[in-house]
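Below you'll find the structure, written out as C-alpha cells, and then a few comments.
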Amino acid sequence: MTVLKTGDKAPDIELLDQNGKPFSLKKLGKKKVLVYFYPKADTPGCTQQSCGLRDVKDSIGRTAIVGISPDKPEKQKKFDDKYELGFTLLADTENKVAKAYKVWKKKSMYGREYMGIERSAFLIDADGKVLHAWYKISPKQTPEFLLQALGKA
C-alpha cells in the first residue's frame, strides 16, 4: 500500500462534523489545513494529541485544524465540548477517508489482530497538495511537527 507523500494531491474529505453538519475540505477555501487522524475520541493519547493542537492553534495563523476518527458525530461533540477544542472534528464511521489517506491499517494488541486507525497527520496547502505526511506520529509530536512545518517553532 503506497502512502501519501509531499506533492501528492490530498484526497477530498466529505464527512459530518461534530454538529452533524456536512463538511468538505473545499469549504475551507484557500488556506492550509492540518488533517489529523486519531483512533478514538476521549482516550488518553487522542486527548493529549487534540489538546496539544488546541493549545497551539493561536500560533498557527490561518491554518485550519481538522481531526478525524471513526467516532459518531455525537461522541465527537462530547469530546469537543469536554476539552473546548474549538476546531472541526469529523466522523469517518465507515473509514472511507481513513482508507483514502492510507491510515486504516491492520493492528495488533495482546495477540489479537484488528483493523484500526494509524495515528497520522497531514499538512495540506491552499491548493490541496500534501506539504507533509506524518504516519505513525505520536500525540506529543503532532503539535510540535505542525509548528516546525509552519516555521513557528
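Checking the Cα-Cα distances for Lys106/Lys152; Lys5/Lys78; Lys9/Lys105; Lys31/Lys106; Lys9/Lys82 against a 31 Å cut-off, the pairs over it are Lys106/Lys152; Lys5/Lys78; Lys31/Lys106; Lys9/Lys82.
Once backbone amide H atoms are built at 1.01 Å from N, Leu90 has Gly67, Ile68, Ser69 as its partners under 5 Å, excluding neighbours fewer than 5 places away on the same chain. Among Asp58, Asp71, Asp17, the residue with the largest mean-square fluctuation in a Gaussian network model of the chain, with springs joining Cα atoms closer than 10 Å, is Asp58. Placing unit charges on the Cβ atoms of the charged side chains and taking the dipole of the chain about its Cα centre, the candidate lying farthest along the positive direction among Leu25, Trp104, Phe79 is Trp104. Derived scalar couplings between HN and Hα for the range 88-100 equal 5, 10, 10, 9, 9, 5, 9, 6, 5, 6, 4, 5, 4 Hz in order, rounded to whole Hz, by the Karplus curve 6.51 cos²θ - 1.76 cosθ + 1.60 (θ = phi - 60°), x for Gly and Pro.
A simple rule links phi to the HN-Hα coupling: the Karplus curve 6.51 cos²θ - 1.76 cosθ + 1.60 with θ = phi - 60°, which for the range 55-63 gives 6, 9, 4, 6, 9, 10, x, 8, 5 Hz, with x for Gly and Pro.
For every other residue with a beta carbon closer than 15 angstrom to the beta carbon of Trp104, add +1 if it is Lys or Arg and -1 if Asp or Glu, then tell me the sum. Its environment carries a net charge of +4. Calculated mean residue ellipticity at 222 nm for the chain: -7000 deg cm²/dmol, from DSSP H runs with n ≥ 4 weighted as -39500 (n - 2.57), summed, divided by the residue count and rounded to 500. Summing charges over all other residues whose Cβ lies under 10 Å from the Cβ of Ala133, with Lys and Arg as +1 and Asp and Glu as -1, gives +1.
So if the hydrodynamic radius of the chain is defined as the Kirkwood radius over C-alpha pairs, what does Stokes-Einstein give as its diffusion coefficient at 10 °C and 1.306 mPa s, in µm² per second? Before the final figure, lay out each step's value.
Details: Rh = 15.4 Å.
Taking Rh from Cα pairs, D becomes 103 µm²/s.
If every alpha-carbon in the range 96-153 counts as one equal scatterer, what log10 I(q)/I(0) does Debye give at q = 0.19, 0.22, 0.26, 0.27 1/Å? These q points yield log10 I(q)/I(0) values of -0.77, -0.92, -1.09, -1.13. Whole-Hz Karplus values for the range 18-34 come out as 5, 9, x, 9, x, 10, 9, 4, 4, 5, 6, x, 8, 8, 6, 9, 9 Hz, taken residue by residue from phi with 6.51 cos²θ - 1.76 cosθ + 1.60 and θ = phi - 60°; glycine and proline positions read x.
Normalised by the residues of the chain, what does the relative contact order come to in percent, with Cα pairs under 8 Å and at least six apart? Present the calculation step by step, with values, prior to reporting the outcome.
Values: 298 pairs, mean separation 49.2, N = 153.
Once divided by the residue count of the chain, the mean separation gives 32 percent.
Which loop GluC sites (Glu not before Pro) in the range 41-97, with loop taken from DSSP, have no more than 13 other Cβ atoms within 10 angstrom of their Cβ? Those that pass, being in a loop and sparsely packed, are Glu84, Glu94.
Counting DSSP beta bridges in the range 14-149, what percent are antiparallel, to the nearest 5? Percentage antiparallel, nearest 5: 70.
Laboratory data are not the source of any read-out in this text; all were calculated from the coordinates shown. Bear in mind the structure is a predicted one, so any value in this text is a computation, not a measurement. Cβ atoms come from the backbone with ideal geometry, glycine included; neighbour counts cover every protein chain shown.
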